[in-house]
Each structure stands twice: as C-alpha cells, then as structure tokens.
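Enquirer: Got a structure for you, written out below as structure tokens; questions coming shortly.
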Amino acid sequence: MSEKEVDADARALASTLRLRILRLCLDEPLTNREIASCLDRNPATILHHVRTLADRGFLTAQPVRRGARGSREVPYLATGKSWRTPGPSSSSRILVDTFLEEVALVDPAEVIAIRLGLRLDAAGYAELAERVGAVFEDFASRPPTPGGMPYSLFFALHEDATRKASPGSAAAG
C-alpha cells in the first residue's frame, strides 16, 4: 500500500464519529438514517462520514432494501479493516475520546475499569504488550455469538509520567 493510501486510511479513522459508526455497523448492517438515529446526528452529516468510510473500505454497502415508505435504502456493514489499519499519529487521543463518548452512555455500575501501576524492564514491557495483544487478537478473530450481548473493550498502555521521575524511583538521582 502506498504512503498516500496509508495516509488516506489514517485520515478516515481520525474521527470519533467515524469510529462510532464503525462500531455500530460491526454486527449488523445499518442505513445512513439508522446510524444517524442511533447517534442523534443529522443524516447529511452521517452520510458524509459513511461515504468516507465506504470509500476507504472500512464499510461495505449491502444489498439495497426498501424502507418503511418504499424508499431505497443502502445498509452498510463494517469490514473489520480498521482493526488492522494503523491510525493517525493522534490515534491514541481519538481512541480515548471515542471511548469516553461511548462509556458516557452506559450505567457506571456496568463498566469494569481497572487501573494498574507497574514498573517493568524492556523485556517485561514487551511480554505484557505481546500477551495483551494476543488476547485482543483472539477475541477480535472470533465470530460474533448470535444473540450475544455486545461489549466494547478499551485498553491503554502508557508510560506513567507522574511516577517516572518521582523521588522513590530509580530514574530519580
């Protein structure tokens, strides 16, 4: 894939709204009108984002169907391409913002959130990243369970800047 193509894919994923559209269309094809309704947005705005995602191969049009009033509707389904596409350099912030938008819609009692501080050498860090990546890949490659409850999973591994140079750390002289 050319650098131009990679950049175009990254730009397509550089939107919390587009990431939320992809999540909505993960299990079932939805029309532009249905997506707009789910996200409480203007259908014209959603159409722009849907077209961008479809043009880049993140959504695929499904067979045309007739709407309630006989209108022609095109449902879209996520292709899974976003799972294996590197995002823009700002992707971690976009992912965090998307997570915050989505988790704000859920009863806090229904959210499992874990925060853990670690101190690892390079080998320990590599092992953690590899093992977590393997778990994500395992679940991402499984087919959806028919009738199963939809869940969303967010993970962030980052350097703890507040502890990096704390008085008790090895980094502090």
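Where a number appears in this text, it was derived from the coordinates with a stated rule and is not lab data. None of these values were measured; they are calculated from a predicted model. Positions of Cβ are backbone-derived with ideal geometry, glycine not excepted, and every protein chain shown enters the neighbour counts.
Enquirer: When percent of Cα pairs over 21 Å apart is calculated directly from the model, which label among [x] 60; [y] 65; [z] 50 fits?
Expert: [x]
Enquirer: Calculate how steeply helix 43-55 sits against the longest principal axis of the alpha-carbon atoms of the chain, using the helix alpha-carbon long axis, and give the answer as 0 to 90 degrees to the nearest 10.
Expert: Here the helix axis deviates by roughly 70 degrees.
Enquirer: Given the options TYR151, ILE35, LEU22, identify the residue whose Cα lies farthest towards the positive end of the charge dipole of the chain (+1 on Cβ of Lys, Arg; -1 on Cβ of Asp, Glu).
Expert: Comparing the listed Cα positions along the dipole, ILE35 ranks first.
Enquirer: Rounded to the nearest Å, what's the spacing between the alpha carbon centres of segment 81-110 and segment 1-69? Just the number, please.
Expert: Their Cα centres are 16 Å away from one another.
Enquirer: Would you please give the FRET efficiency between LEU17 and PHE155, computed as 1/(1 + (r/R0)^6) with r the Cβ-Cβ distance and R0 = 30 Å, to the nearest 0.05? It would help to have the intermediate numbers written out before the result.
Expert: Details: r = 22 Å, r/R0 = 0.72.
Given R0 = 30 Å and the Cβ-Cβ separation, E is 0.90.
Enquirer: Return the distance in nm (one decimal) between the two label points of a simple spin-label model at ARG119 and THR60, each offset 7 Å from Cα along Cα→Cβ.
Expert: According to this spin-label approximation, the distance is 5.0 nm.
Enquirer: Determine the calculated [θ] at 222 nm for the chain from helices alone, applying -39500 (n - 2.57) to every DSSP H run no shorter than 4 residues and normalising by the residue count; nearest 500 deg cm²/dmol. Let's see the in-between values first.
Expert: Working: 7 runs with 77 residues, N = 173.
Rounded to the nearest 500, it is -13500 deg cm²/dmol.
Enquirer: Another question, then. Nothing charged except the Cβ atoms of Lys and Arg (+1) and of Asp and Glu (-1): what's the magnitude of the dipole of segment 3-164 about its Cα centre? Round to the nearest 20 debye.
Expert: On the way: 22 positive and 22 negative charges, 121 e Å.
Taking the Cα centre of segment 3-164 as origin, the dipole is about 580 debye.
Enquirer: THR31's amide H: which non-local residues (gap 5+, or another chain) put their own amide H closer than 5 Å, with H modeled 1.01 Å from N in plane and none for Pro or chain starts?
Expert: Long-range HN contacts for THR31: TYR76.
Enquirer: Another question, then. Note the full-extension length gain between ALA8 and LEU47 as 0.36 nm times their separation in residues minus their Cα-Cα distance, in nm to one decimal. If you can, show how the numbers build up before the last one.
Expert: Working: separation 39, 0.36 × 39 = 14.04 nm, distance 1.80 nm.
Extending this stretch completely gives an extra 12.2 nm.
Enquirer: In a Gaussian network model over the chain where Cα atoms closer than 10 Å are linked, find which of GLY87, GLY117, GLY147 has the largest mean-square fluctuation.
Expert: GLY147
Enquirer: Then there's this: Say each of ALA68 and PHE139 gets a label point 7 Å from the Cα, pointing the same way as Cα to Cβ; how far apart are those two points in nm?
Expert: The answer from the label model is 3.5 nm.
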